[in-house]
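Structure, as structure tokens:
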Amino acid sequence: MLTLTLDQIIAISASVAGGFSALATLFTVLQISIQRRESYRPELVFSTTKFDTSAEQNSHSLSQQLHHDFKVTIHNIGLGAAKNLKITWSFPIEIAVEKVNILTAKGVNLEIYKFEKNVLSSTGGETKDMMSMWANQQIQLIDFALPATVNSQPISILIPHAYSTLWLAYYSNLILQNNLSITTDFPPLKSTITYQDIGGAKHKIEQLLTITLSSFIHNKRKASGFISSKSIN
């Protein structure tokens with residue numbers, strides 16, 4: 001049977017207590033490290049963005065005005081900066097073209113669209129002789145996004161021209177046909193954003209963007225509404 005002296009018992013007790021103290025210190029350091037990392041993590045969010053061409057006084061067509069106004073704003077509500085932002089746009093463009101052309105074929109005198117070799121083109125209406133290079137619109141790069149506590153100005157990003165053009169043609173057809181019963185049938189625009197925090201960790205968010213009309217007068221080049229988003233993470 002093992003017999004310990006009082007000195008040995010005290011030494012073992014001190015060693016055990018020291019071990020628990022070291023573990024507690026380690027857990028505390030790890031917790032502080034995690035909290036510090038999380039507190040400086042960037043967090044990007046989309047905000048609802050309004051558009052209104054009613055006040056525009058120029059010779060631009062409605063499609064030109066809307067493309068200029070079709071923007072989404074992104075805020076960094078985290079405490080840390082985001083860097084190396086890569087925004088990737090996608091939507092079923094062939095399906096969108098088909099939907100527009102089906103409406104046009106019903107008798108409305110608007111443009112017919114074609115999508116070949118990643119280029120959207122038309123042969124009539126306001127967008128006559130228009131060519132939109134979809135391949136060059138799918139990716140947008142941004143160097144950094146400062147937190148709102150440092151810079152309150154959000155990042156403003158244009159909706160891709162190919163999408164805004166088809167969206168406008170779709171709604172123009174519906175309004176001229178007095179048929180707004182299928183306005184939710186147009187495909188939404190998907191945005192995927194990848195970025196890094198200041199420590200180099202990678203993050204990703206995915207959103208579906210939809211455009212909602214409040215008013216629309218095609219002949220007077222007036223339109224208003226808002227662009228909203230929904231997370232698909």
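The values are calculated or read from the model by the stated rules, or taken from the named source; none is laboratory data. Owing to the predicted nature of the structure, the values given are computational and were not obtained by experimental measurement. For neighbour counting, all protein chains shown are included, and Cβ atoms are generated from backbone atoms with ideal geometry for every residue, glycine included.
General observations
- Verdict on Phe115 being hydrophobic (A, V, I, L, M, F, W, C), modelled with pLDDT of 85 or more, over 25 Å from Lys230 (Cα atoms) and in contact with a helix residue (DSSP H, G or I) (Cβ under 6 Å, 6 or more places away or on another chain): yes
- The residues in segment 150-183 that are out of contact with any Leu (no Cβ under 8 Å at 6 or more places or on another chain) and either outside the structural domain of Leu79 (by TED's automatic domain parsing) or assigned to a helix (DSSP H, G or I) (or both) can be counted, and the count is 3.
- Qualifying position, being among the polar types (S, T, N, Q) and crowded, with 18+ Cβ neighbours inside 10 Å, among Ser152, Ser132, Ser214, Ser156: Ser132
- Listed by first and then second residue, the pairs linking a residue in segment 97-109 that is modelled with pLDDT of 85 or more to a residue that is basic (Lys, Arg), with Cβ atoms under 9 Å apart and 6 or more places separating them unless they lie on different chains, are Val97/Lys114; Asn101/Lys114.
- In segment 126-154, the residues that are in contact with a His (Cβ under 8 Å, 6 or more places away or on another chain) and over 17 Å from Lys114 (Cβ atoms): Ala148, Pro154
- Selection of segment 133-149 for residues being polar (S, T, N, Q), modelled with pLDDT of 85 or more and outside any helix (DSSP H, G or I) yields Gln137, Gln138, Gln140.
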